[in-house]
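This report refers to the structure that appears directly beneath it.
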Amino acid sequence: MGDFIIRPAAPQDVPLILAFIRELAEYEKLSDQVTASEEILVEWLFKKQKAEVLIGELDGQSVGYALFFYNFSTFLGRAGIYIEDIFVRPAFRKKGYGKAFFKYLAGLCHQRGCGRLEWACLDWNKPSIKFYLSLGAQPLNEWTVYRLGGDEIKRLAEG
């Protein structure tokens, strides 16, 4: 893996983070849903500190990123880490960098005393599902994720 490092992102990485977000959205065929901007990312990642970002680099070249935040399990009575994104650029896939991100995040989870490491995956993404299963991850088949978006949130809040 050469000189591969994983480091916490800094405010000067925001253009790179946004580029990774757009690359991931393109891969997931969801580019039309990206409304994030550099200004929004600076505010929420670095001023409000609502999520953390890791950057993976190989010999100084950006390979991928991970974005995560805390969730909470009432049953465990402790926080967990929820991985919103892990993305490795196509040219660097199948070389162990994705696994390195998961290993790093598992270490953070353990170090910080968290009870769970969780993420979601699109049903059609069979290569990722196979990879997650190889890590020992278990799908939560009996759970369905629900979401309210901007207009729905506003309508519910005002109604």
Exercise. Looking only at segment 35-58, decide whether some residue is within 18 Å of L16 (Cβ to Cβ), under 14 Å from the mean Cα position of the chain (by Cα) and among the charged types (D, E, K, R).
Key: yes
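Inspect segment 134-144 for any residue being surrounded by fewer than 18 Cβ atoms within 10 Å (Cβ to Cβ), among the hydroxyl-bearing types (S, T, Y), more than 14 Å from the chain's Cα centre (by Cα) and assigned to a helix (DSSP H, G or I) and give the result as yes or no.
Here is the first cut: in segment 134-144, the residues surrounded by fewer than 18 Cβ atoms within 10 Å (Cβ to Cβ) are 134-144.
If we keep only those that are among the hydroxyl-bearing types (S, T, Y) as well, we get 134, 144.
Cutting the leftovers down to more than 14 Å from the chain's Cα centre (by Cα) gives us 134, 144.
Then drop every residue that is not assigned to a helix (DSSP H, G or I), which leaves 134.
Within segment 134-144, one or more residues are surrounded by fewer than 18 Cβ atoms within 10 Å (Cβ to Cβ), among the hydroxyl-bearing types (S, T, Y), more than 14 Å from the chain's Cα centre (by Cα) and assigned to a helix (DSSP H, G or I).
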Quiz item: Is there a residue in segment 20-30 that is surrounded by fewer than 18 Cβ atoms within 10 Å (Cβ to Cβ), within 19 Å of P127 (Cα to Cα) and among the hydrophobic types (A, V, I, L, M, F, W, C)?
Solution: yes
Self-check item: Options A79, A66: the member that is closer than 27 Å to L16 by Cβ and at pLDDT 95 or above
Solution: A66
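Would it be correct to say that F69 is surrounded by 13 or more Cβ atoms within 10 Å (Cβ to Cβ) and touching a Lys or Arg at 6+ places or on another chain (Cβ under 7 Å)?
Numbers: surrounded by 13 or more Cβ atoms within 10 Å (Cβ to Cβ): yes; touching a Lys or Arg at 6+ places or on another chain (Cβ under 7 Å): yes.
Spelling it out, F69 is indeed surrounded by 13 or more Cβ atoms within 10 Å (Cβ to Cβ) and touching a Lys or Arg at 6+ places or on another chain (Cβ under 7 Å).
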Practice problem: Could you identify the single residue in G60, G98, G107 that is under 22 Å from I6 (Cα atoms), crowded, with 16+ Cβ neighbours inside 10 Å and among the small types (G, A, S)? | Solution: G98
Quiz prompt | Residues within segment 24-56 that are of a type in the set (V, I, T) and within 26 Å of I5 (Cβ to Cβ), tallied | solution = 3
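Can you name every residue in segment 58-72 that is more than 20 Å from A25 (Cα to Cα) and either touching a Gly at 6+ places or on another chain (Cβ under 9 Å) or in contact (Cβ under 8 Å) with a residue 60 or more places away in the chain (or both)? Steps first, answer last, please.
Within segment 58-72, the first condition is being more than 20 Å from A25 (Cα to Cα), and the residues that meet it are 58-61, 70-72.
Answer for segment 58-72, where residues must be more than 20 Å from A25 (Cα to Cα) and either touching a Gly at 6+ places or on another chain (Cβ under 9 Å) or in contact (Cβ under 8 Å) with a residue 60 or more places away in the chain (or both): L58, D59, Y70, N71, F72.
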Quiz item: Name the residues in segment 105-120 that are touching a residue at least 12 places away in the same chain (Cβ under 8 Å) and not aromatic (F, W, Y), would you?
Solution: L105, L108, C109, R112, G113, C114, G115, R116, L117, E118, A120
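In segment 96-129, which residues are of a type in the set (D, E, K, R), assigned to a helix (DSSP H, G or I) and either under 18 Å from V63 (Cβ atoms) or at pLDDT 95 or above (or both)? First the steps, then the outcome.
Taking segment 96-129 as the starting set, the residues that turn out to be of a type in the set (D, E, K, R) are 99, 103, 112, 116, 118, 123, 126.
Checking which are assigned to a helix (DSSP H, G or I) leaves us with 99, 103, 126.
Across segment 96-129, the qualifying residues are K99, K103.
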Exercise. Residue by residue through segment 84-95, note down the ones that are crowded, with 17+ Cβ neighbours inside 10 Å, assigned to a strand (DSSP E or B) and either without any contact (Cβ under 8 Å) to a residue 60 or more places away in the chain or touching a Lys or Arg at 6+ places or on another chain (Cβ under 8 Å) (or both).
Key: I86, V88
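Quick one: is K50 farther than 23 Å from G113 by Cβ, part of a loop (DSSP other than H, G, I, E, B), charged (D, E, K, R) and in contact (Cβ under 8 Å) with a residue 12 or more places away in the chain? Give the derivation first.
Working: farther than 23 Å from G113 by Cβ: no; part of a loop (DSSP other than H, G, I, E, B): yes; charged (D, E, K, R): yes; in contact (Cβ under 8 Å) with a residue 12 or more places away in the chain: yes.
Considered against the rule, which asks whether it is farther than 23 Å from G113 by Cβ, part of a loop (DSSP other than H, G, I, E, B), charged (D, E, K, R) and in contact (Cβ under 8 Å) with a residue 12 or more places away in the chain, K50 comes out as no.
Given the structure, is A157 surrounded by fewer than 16 Cβ atoms within 10 Å (Cβ to Cβ), on the phi < 0 side of the Ramachandran plot and under 11 Å from the mean Cα position of the chain (by Cα)? Even if it seems obvious, please write down each step before you answer.
Numbers: surrounded by fewer than 16 Cβ atoms within 10 Å (Cβ to Cβ): yes; on the phi < 0 side of the Ramachandran plot: yes; under 11 Å from the mean Cα position of the chain (by Cα): no.
So A157 does not fit the description; no.
The values are calculated or read from the model by the stated rules, or taken from the named source; none is laboratory data. As the structure is a prediction and not an experimental result, all values here were calculated from the model. Because the Cβ atoms are built from the backbone with ideal geometry, glycine has one as well, and the counts that use them run over all protein chains shown.
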